[in-house]
Amino acid sequence: MKILVIGPSWVGDMVMSQSLYKAIKANHPDSELHVMAPAWCVTLLERMPEVDKAITMPLGHGDFKLVARRRLGKQLATEKYDQAIIQPNSMKSALIPWFARIPVRTGWKGEHRFGLLNDLRSNKSAFPLMVEAYLALAYPKAQMKSRADIPAIPRPSLNVDLINQGKALDRLGLDRARPVLVLCPGAEFGPAKRWPEGHYAVVAQKHLDEGWQVWIFGSGKDVPVANTIRDRINPLSRPNCHVLAGKTSLYEAIDLMALASRVIANDSGLMHIAAALNRPLIGVYGSTSPLYTPPLADRVEIVHTDIACRPCFKRTCKFGHLKCLIELMPEQVIKAGRRLECGESPAQPIVLQVGEPPHFVSDPGKRSEPQ
């Protein structure tokens, strides 16, 4: 059996997609699995042993380009796929498999997809976690009535390249003499996910005073935030605080993060990468909720406030106060770190337990689809 998956375009979503790919391979051990995704996600696909071929999506964010999609579909038709699974909800994402004339085209009911999909699923609300909605697509429609029908949630687990890891350590002048605290203070989604730099700096200083070193990860966009955190560190401690934001490829970030003794991250792609590396992780949630996109790992602590307006799933705070982040104090994160160190964190986060679907203040699924 040969299967094409049209994957998501966000790094965190792509990490969680590995659960789908694992389920596909478990159901069809001899299948050949190809996944199409934007270039920045192909890096992740190459670290997933379940994926036999990663295909770069050549079209950019928001590009409809019907003629280009038709041409790409005709090219893929030569692969003679048996099934396509379309993870995004957009009409655009369903066009390529339709043009490729793949006989079974599976996906959730979304934007004008009638006819484009012939294995259309409409009960998405019965699968409240994003990873559950992904996993349901790996099984026959008649079998998936609710989250209770999913046999298990196979957790993401990215491969680490030890040779590349060593080269990155040398290139960046890093060593492993001290335990490593990784900070991931950015969030591509928007400022309503970003814990304040001052709070990160307090937690970083606490670890530095206890003999740790700090590595701050992120993209080029996160360099100002990372520098602000470092600037607030005691000058005597700064030699052990390393700003890696904007200095590493995603390959290097994965391999270096595998060395972390602890990771503190906003709800972001890097948080999900840390989970897929099974690093002791503290996930900081502002406007979003772990009841939708929890990190899928063993050693996890989730911290958030309980103010009335969260979770709102907004990119920016509609009230302008960002209390869900500002009132989440550093001591709460420090205490979460102590629980991780003492082994008091649950082996499996409670948010993965089967139960009543959570109530959302607004629909977390309504995000722009770059594909």
Self-check item: Residue-level accessible surface for Phe64, protein heavy atoms, 1.4 Å, Å²
Solution: 90 Å²
Quiz item: In the structure displayed, which of Lys25/Lys314; Lys109/Lys314; Lys22/Lys92 lie more than 32 Å apart, Cα to Cα?
Solution: Lys25/Lys314
Quiz prompt | Pairwise FRET efficiency - Asn123 versus Phe64, Cβ, R0 = 22 Å, nearest 0.05 | solution = 0.20
Self-check item: Length gained when the stretch Lys221-Glu32 is fully extended (0.36 nm per residue, less Cα-Cα span)
Solution: 64.4 nm
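Stretched out fully, how many nm does the piece from Ser249 to Arg176 gain, at 0.36 nm a residue minus the Cα gap?
Taking Ser249 through Arg176 to full extension adds about 24.3 nm, to one decimal.
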Practice problem: Report the FRET efficiency, 1/(1 + (r/R0)^6), for Asp149 and Gln75, where r is their Cβ-Cβ distance and R0 is 41 Å, rounded to 0.05. | Solution: 0.70
Exercise. With springs connecting C-alpha atoms under 10 Å apart, model the chain as a Gaussian network and identify which of Ala100, Ala258, Ala26 has the largest mean-square fluctuation.
Key: Ala26
Self-check item: Highest-MSF residue in the chain out of Lys193, Lys206, Lys92 [GNM, Cα springs under 10 Å]
Solution: Lys206
Practice problem: Report, by chain and number, residues whose modeled amide H sits under 5 Å from the one on Lys2, excluding near sequence neighbours (fewer than 5 apart, same chain). | Solution: Glu32, Asp82, Gln83
Quiz item: Sequence-distant or interchain residues sharing an amide H contact under 5 Å with Arg121, placed H: which?
Solution: Gly107, Trp108, Lys109
Self-check item: Ranked order, Lys65, Lys323, Lys318 - accessible area, probe 1.4 Å, largest first
Solution: Lys318, Lys65, Lys323
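How high is the relative contact order of segment 65-165, given as a whole-number percent (alpha carbon pairs under 8 Å, six or more residues apart)?
Result for segment 65-165 is 19 percent.
Quote to one decimal, in nm, the extra length available between Lys141 and Thr56 on full extension: 0.36 nm per residue of separation minus the C-alpha distance between them.
So the extension gain works out to 27.7 nm.
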Exercise. Return the single residue from Asp209, Asp161, Asp267 with maximal mean-square fluctuation; model: Gaussian network over the chain, springs between Cα atoms under 10 Å.
Key: Asp209
Practice problem: Could you pull out every whole DSSP H run in the chain that spans at least 20 Å of Cα extent along its own axis and averages 0.0 or higher on the Kyte-Doolittle scale? | Solution: 11-27
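The values are calculated or read from the model by the stated rules, or taken from the named source; none is laboratory data. On a predicted model such as this, the values are computed, not experimentally measured, just so you know. Every residue, glycine as well, gets a Cβ built from its backbone with ideal geometry; the counts of neighbours run over all protein chains shown. Heavy atoms of the whole protein, side chains included, go into the accessibility calculation; ligands, DNA and RNA do not. Shrake-Rupley method; radii C 1.70, N 1.55, O 1.52, S 1.80 Å.
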